[in-house]
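The values are calculated or read from the model by the stated rules, or taken from the named source; none is laboratory data. Since this is a predicted model, take the numbers as computed values, not measurements. Quick reminder, even Gly has a Cβ in these numbers, built from the backbone with ideal geometry, and neighbours come from all protein chains shown.
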Amino acid sequence: MKKFAIRDDDLNYFSAPADIKRWYSDIFEQNISVGFATIPFVTTASDTYPRDRKKLTRKYPISKNKELVEYVKSNDKLEILQHGCTHFTIGSVFEYAKTSGLMEDTTRGKQELESAFDQEVTTFVAPHDTFSNHAIKATEATGLHLLRGRGSKNFLPRSEYVTGFLKMVGHKLAHPYKHPPYPHVLDFDKHKEAYCCRLRDDNLDRLKKDLHYVAKKNGDFVITAHIHHFNEVRKKNLGALIRLAKELGFEFVRPSELFN
């Protein structure tokens, strides 16, 4: 069965239920779920902070936003995904591009989300879709599957990575210019990965082509939005993709269901 999932990034302590309702109420009414990649401990120095950035002073746990937590817990169409730990970039190094220190952060972030929202978290999204090999090992140790960009970019000394690498090379050679997302979940033994397309103002035609391609491959299509950068154009484009997915016979699922 072809599967269609929606991933929205950057939900955090400074978000409000109104942000979710504004862009997704009509989608929930269609019985479609949305996975929100949620930052466990956002900071005012994070590149997702919705106001003017400040110096790194303190971390704001998502659990302290009681209004947001209660709204999420009351809506069974929302799934919580883990989005880093703080989403804090050091210099030019994105949080999950670091080569050390992520084991503890990943565990702490997962525990914060599961405790706050009272739901199991099984899916991870890296800030800026960037993983170091250390980050891969940290998420594996925490029992998380990954949502990524259009394909896998890491290589670990494991036979499954040889197979995955060959599949990625073949996919890119078959599409030498702008390749569509790899259309199937890949199993790397200790974790699985699914691949995503980003929703922008100007790429609806491209996304429709990607969706047709995934449909022909009887695969999985994940569209990525950003709740604090949404606008009416992107909302219209998302609606067009949902209508097309229905015409093409996709099943709408939670992101975690891609890995079942």
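Among the helices (runs of 4 or more DSSP H) lying completely within the range 103-220, list those that include at least 3 residues that are farther than 25 Å from K2 by Cα and over 16 Å from the mean Cα position of the chain (by Cα).
In the range 103-220, 133-141 are the helices (runs of 4 or more DSSP H) which contain 3 or more residues that are farther than 25 Å from K2 by Cα and over 16 Å from the mean Cα position of the chain (by Cα).
Only one of the numbered conditions (1) outside any helix (DSSP H, G or I); (2) among the hydrophobic types (A, V, I, L, M, F, W, C); (3) surrounded by fewer than 14 Cβ atoms within 10 Å (Cβ to Cβ) is not met by V233, and that is (1).
When the range 65-112 is filtered for residues that are out of contact with any helix residue (DSSP H, G or I) (no Cβ under 8 Å at 6 or more places or on another chain), charged (D, E, K, R) and more than 19 Å from T43 (Cα to Cα), the ones remaining, listed by number, are E70, D76.
Output yes when any residue across the range 192-204 is modelled with pLDDT of 95 or more, of a type in the set (G, A, S) and more than 26 Å from D76 (Cβ to Cβ), and no when none is. Before the answer, list the steps.
Residues of the range 192-204 modelled with pLDDT of 95 or more: 192-204.
With the extra rule that they be of a type in the set (G, A, S), the set shrinks to 194.
Filter again for more than 26 Å from D76 (Cβ to Cβ), leaving none.
No, the range 192-204 contains no residue that is modelled with pLDDT of 95 or more, of a type in the set (G, A, S) and more than 26 Å from D76 (Cβ to Cβ).
Per-residue answers, yes or no, for (1) crowded, with 16+ Cβ neighbours inside 10 Å; (2) of a type outside the set (D, E, K, R):
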| position | (1), (2) |
| --- | --- |
| F4 | yes, yes |
| P17 | yes, yes |
| K21 | no, no |
| S74 | no, yes |
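Name every residue in the range 231-260 that is charged (D, E, K, R) and within 17 Å of M1 (Cβ to Cβ), in order of residue number. Full working, then the answer.
Going through the range 231-260, the residues charged (D, E, K, R) turn out to be 232, 234-236, 243, 246-247, 251, 254, 257.
Across the range 231-260, the qualifying residues are K246, E247, E251, R254, E257.
Every condition in (1) in contact with a Leu (Cβ under 8 Å, 6 or more places away or on another chain); (2) of a type in the set (F, W, Y); (3) farther than 24 Å from I136 by Cα holds for Y24 except the one numbered (1).
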